[in-house]
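In what follows, a single structure is set out as structure tokens and then discussed.
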């Protein structure tokens, strides 16, 4: 008698649950903002290379293979640490020494909050090593004139003088300690950010940026770095470079009024 095989198909109902980790939460938050503005600008601007949408997709494509399915950066960091500890320094990290680290600030102060991090960049004057600038994407620009372990940080005035108080990058004008250039905002310069200048410390900021969206190819531009050439040019000035997400810009008369 031939053997008869009977194939039973069991139907199962399951509900798909969207990932809830930090990666997906950040992605969803950014995309919600982008969805809201997509209909207000041309597709050529929305999808352009280097724009927020394109950069978000690159960021997500980079991290999802590393964090899926949990989407948790903390888990990823712990897995990497475990691998490194097991492979190289069991029970330790890659620190080459045990030298202590001290916080210099800017710190939160009771009843006199001069500002807190996160710190984006640190700039040391080449003309006087006791002078430093540091930038905060939320707090703005800060400066010190005594760069020691007991240094005191002062507010550089950007919270009152700029239309957008956050600062991402800064530079000293060559040969000076109180001529500063700073990039406002925390990312895209939009229509309210740009490159500001002061020629007399925290009280001397120009009312308007010396470079904004009209000079730098639109509101979607993000300034990544500003840097002075320390050779005098034909204008008896120093060329200032602006490195942005959409190209390299320069001015041969950044000190001109």
Just subtract the alpha-carbon distance of residue 37 and residue 55 from 0.36 nm times their residue separation and send over the number in nm, one decimal.
4.9 nm
Could you run the Debye sum over the Cα atoms of segment 159-211, one equal point scatterer each and no solvent, and tell me log10 of I(q)/I(0) at q = 0.21, 0.22, 0.29, 0.31 Å⁻¹, two decimals?
-0.68, -0.74, -1.19, -1.31
Length-normalised contact order of segment 119-251 in % [C-alpha pairs under 8 Å, at least 6 apart]
16
Roughly how many nanometres apart are two label points built 7 Å out from the Cα toward the Cβ at residue 232 and residue 176?
1.6
Kindly put 134, 151, 167 in sequence by how many other C-beta atoms sit within 10 Å of each C-beta, fewest to most.
151, 134, 167
Along Cα→Cβ, 7 Å out, is where each label goes; now give me the distance between the ones at residue 246 and residue 97 in nm to one decimal.
4.6
How large is Rg/Rh for segment 137-254, to two decimals, with Cα atoms and a Kirkwood Rh?
0.96
Fewest to most Cβ atoms within 10 Å: 40, 145, 221 sort as 40, 145, 221
How much length is gained if the chain between residue 86 and residue 62 is pulled fully straight, taking 0.36 nm per residue apart and subtracting their Cα-Cα distance, in nm to one decimal?
6.1 nm
Segment 132-168-segment 191-219 distance, computed between alpha-carbon centres (Å):
16
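Readers should treat all values here as calculations from the given coordinates under stated rules, not as data from a laboratory. Everything numeric here is computed off the predicted structure, so don't read it as measured data. A quick note on method: Cβ atoms are made from the backbone with ideal geometry, for glycine too, and the neighbour counts reach across all protein chains shown.
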